[in-house]
Ligand code: SF4
Ligand code: SF4
């Protein structure tokens, strides 16, 4: 029998060093981790990822451009035939950054922008002038013909900024991903977390925007773990259907010290399953006991939020990180569109039948066009 898990993407915290001080940073970046991988070890890890069948690598931080060997490692990823994505705060500009990125044909260059109001963005990011730097990085990357994405992380401080930010981003030919903040970071006050109504409102914003704008004008998606199985919000993610947490299923997280974990969002050392210095990625990935919380999920593992849910077989209780953060256990994610609709009595089977109907009628073409944008195969805009 063929092996059922394909490593589509390794998300690599290239360094924990960061020049900003973002309030919501899940990994509390700032200083380097102790014993970060050096250049030789990082290059060897690229070979190792390739040997494990990895399709693409996303280099993030901290701030990945703070490492002087960024170009050596990024080039190696591409030489090995893996896709490359870069996630930056947009305030660090290595010399010739755009022409060098262009030469690497990245799948995406993602810049974090958290508010339409510069002062609020600067407050969230912990540095005056951050908005101006990130905004001009985004514009210059677009002008260089790079496939630019903007990532916005939403919490109580900036929920009210989404509509104004949409006005600033539309028509630029970029992709926009909206995600919600978790509370793992040391700097993030829990009182800023969205409540369930606000979380649902983010889904409604994405749904209404996607109905209003064509992907060519503004390609907006929610993060892959933004709510599940809604009867009403059918245009939120990039996927037809949520198929459960992808940690150790199609995604691998790599910490800057070589720690291997199903997903970087799970900021809990108990989930680190090896280290790139001593563990071959292929051996870990194909190991029988690897990533048991997703690969060996059984219905009995679900917590009270999910135990009786009709979608449990496919959903497996939502995002591991959200579930752990909110309830201290896995497979029990309370931030779920389906559960929210059920709780307010608005998720009846009639709605679900309607959803199936509209799924068949309207989604394939639009999803194909969105997929093209988010995979870096977008058409250039005529300007
Ligand atoms: S209640 Fe739990 S299992 Fe059901 S859709 Fe929501 S997160 Fe998934
Ligand atoms: S922990 Fe959450 S963010 Fe990470 S792969 Fe699972 S669903 Fe996605």
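The values are calculated or read from the model by the stated rules, or taken from the named source; none is laboratory data. Source: prediction; values computed, not measured. Cβ sites come from the backbone with ideal geometry, for glycine too, and all protein chains shown count toward neighbours.
Could you tell me whether residue 32 is at pLDDT below 95, more than 30 Å from residue 167 (Cα to Cα) and surrounded by fewer than 21 Cβ atoms within 10 Å (Cβ to Cβ)?
Yes; evaluated as a whole, the condition is true for this residue.
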If you go through 363, 329, 295, the only one that is at pLDDT below 95 and at negative phi is 363
Report yes if some residue within the range 207-230 is within 16 Å of ligand 1 (Cβ to nearest atom), over 30 Å from residue 290 (Cβ atoms) and touching a residue at least 40 places away in the same chain (Cβ under 8 Å); otherwise report no.
yes
Collect the residues in the range 247-266 that are within 14 Å of ligand 2 (Cβ to nearest atom) and surrounded by fewer than 20 Cβ atoms within 10 Å (Cβ to Cβ), keeping them in residue-number order.
250
Filter the range 300-313 for residues that are in a helix (DSSP H, G or I) and either at pLDDT below 95 or more than 8 Å from ligand 1 (Cβ to nearest atom) (or both); which is surrounded by the most Cβ atoms within 10 Å (Cβ to Cβ)?
301
Tell me which residues, restricted to the range 26-49, are part of a loop (DSSP other than H, G, I, E, B) and over 27 Å from residue 179 (Cα atoms).
34, 35, 36, 37, 38
Considering every residue within the range 281-292, establish whether at least one is within 20 Å of the chain's Cα centre (by Cα) and within 13 Å of ligand 1 (Cβ to nearest atom).
no
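Within the range 211-223, is there a residue that is within 16 Å of ligand 2 (Cβ to nearest atom) and either farther than 16 Å from residue 322 by Cα or not in a strand (DSSP E or B) (or both)?
Checking the range 211-223: at least one residue is within 16 Å of ligand 2 (Cβ to nearest atom) and either farther than 16 Å from residue 322 by Cα or not in a strand (DSSP E or B) (or both).
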Output for the range 4-25, where each listed residue is at pLDDT 85 or above, out of contact with any helix residue (DSSP H, G or I) (no Cβ under 9 Å at 6 or more places or on another chain) and not in a strand (DSSP E or B)
6, 8, 16
Would you say residue 333 is within 13 Å of ligand 2 (Cβ to nearest atom) and more than 23 Å from residue 41 (Cβ to Cβ)?
yes
Inspect all residues belonging to the range 201-208 and state whether any of them is within 15 Å of the chain's Cα centre (by Cα) and within 16 Å of ligand 2 (Cβ to nearest atom).
no
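Okay, residues lined up against (1) modelled with pLDDT of 95 or more; (2) surrounded by 16 or more Cβ atoms within 10 Å (Cβ to Cβ); (3) under 18 Å from residue 25 (Cα atoms):
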| position | (1), (2), (3) |
| --- | --- |
| 107 | yes, yes, no |
| 116 | yes, yes, no |
| 120 | yes, yes, yes |
| 131 | yes, yes, yes |
| 141 | yes, yes, no |
| 177 | yes, yes, yes |
| 182 | no, yes, yes |
| 200 | no, yes, no |
Take the range 269-283 and flag every residue that is surrounded by 13 or more Cβ atoms within 10 Å (Cβ to Cβ) and either under 25 Å from residue 327 (Cβ atoms) or without any contact (Cβ under 8 Å) to a residue 40 or more places away in the chain (or both).
271, 272, 273, 274, 275, 279, 283
